[in-house]
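Each remark here refers to the structure printed beneath this line.
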Amino acid sequence: MSANSRILVVAATEHELARPDGWLAIACGVGPIEAAVATAAAIAEHRPALILHVGIAGARRLRALAPASLVIGRESRYCDADATSNWAPVAINAPEQLVAIAQHALPNATLLTIGTSARVGGTSECDVEAMEGFAVLRAAQRANIPAIEVRAISNEIEEADRRRWHFSDAFSAITHATPLLVSAFRAQFLHGTAGAPHA
């Protein structure tokens, strides 16, 4: 198996997936349940060495992130559960090595916690909100596979009119960033690190 094909790129929709150039790619579906099920199935089938979760996201107006700006998730937080972390995990930190590589590959990206919720506006404690990240990273964590979430901003969370969301700009930004990230992870994380520890 080549170094590229050991990387699995997961996005909710085909619009968020760059054309694969040797790496594995799946559209997992929208929302945390679809994302968890599809990612777990892909892990069982392909046993990747690393998972990169990409997509678009909303940001709080006060954070003032421009449309198409990139966010690297230092943490993915599940915001729909009322259970405490004693019952089930609600936050997953991305491995520090993956965060550092992503920051080097995307020097203008912002490093933040990314909240996961099945509904728009469901992540009141997070400045960036998406619908799949925690689910993808949790499936990876259960399989002992390192994973990281990277998003492109499409909208302000407070903007209810989706006609004012910047879908195409965000899709373009994330599909441009994905090959850069895959190349960086292949060169700096996978190359010669078949026995690298999984976080």
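Since every read-out is calculated from the coordinates, none of them should be taken as a lab result. Model, not experiment: these values are computed from the prediction. Glycine gets a Cβ as well: all are built from the backbone with ideal geometry, and neighbour counts include every protein chain shown.
Things worth noting here:
- Computed from backbone phi with θ = phi - 60° and the Karplus coefficients 6.51, -1.76 and 1.60, the 3J(HN,Hα) list for the stretch 124-138 is 4, 8, 10, 7, 10, 9, 9, 10, 10, x, 4, 4, 5, 5, 5 Hz; x is used for glycine and proline.
- When the trypsin sites (Lys or Arg not before Pro) in the stretch 88-176 are filtered for DSSP coil states and for at most 16 other beta-carbon atoms within 10 Å of their beta-carbon, the remaining sites are Arg119.
- The Rg/Rh ratio of the stretch 47-151, with Rg taken over Cα atoms and Rh as the Kirkwood radius over Cα pairs, comes to 0.95.
- Binning the C-alpha pair distances of the chain at 10 Å intervals from 0 yields a P(r) profile of 10, 40, 37, 12, 1 %, listed from the shortest bin outward.
- Charge dipole (the chain, unit charges on Cβ, about Cα centre) - positive-most of Val128, Leu180, Ala68: Leu180
- Using the Karplus relation 6.51 cos²θ - 1.76 cosθ + 1.60 with θ = phi - 60°, the per-residue 3J(HN,Hα) values for the stretch 62-76 come to 5, 6, 6, 8, 5, x, 6, 5, 9, 10, 9, x, 6, 8, 10 Hz, with x marking Gly and Pro.
- Overall form of the stretch 136-177 per C-alpha gyration tensor (a/c, 1.5; a/b vs b/c): oblate
- Here the chain carries DSSP beta bridges of which approximately 25% are antiparallel, counting only pairs with both residues inside.
- Calculated FRET value between Thr13 and Arg63, using beta carbons and R₀ = 25 Å, to 0.05: 0.55
- Ellipticity at 222 nm from helices only: DSSP H runs of n ≥ 4 in the chain, each -39500 (n - 2.57), divided by the residue count, give -8500 deg cm²/dmol.
- Neighbours of Gly22 by Cβ distance under 11 Å: Lys/Arg scored +1, Asp/Glu scored -1, total +2.
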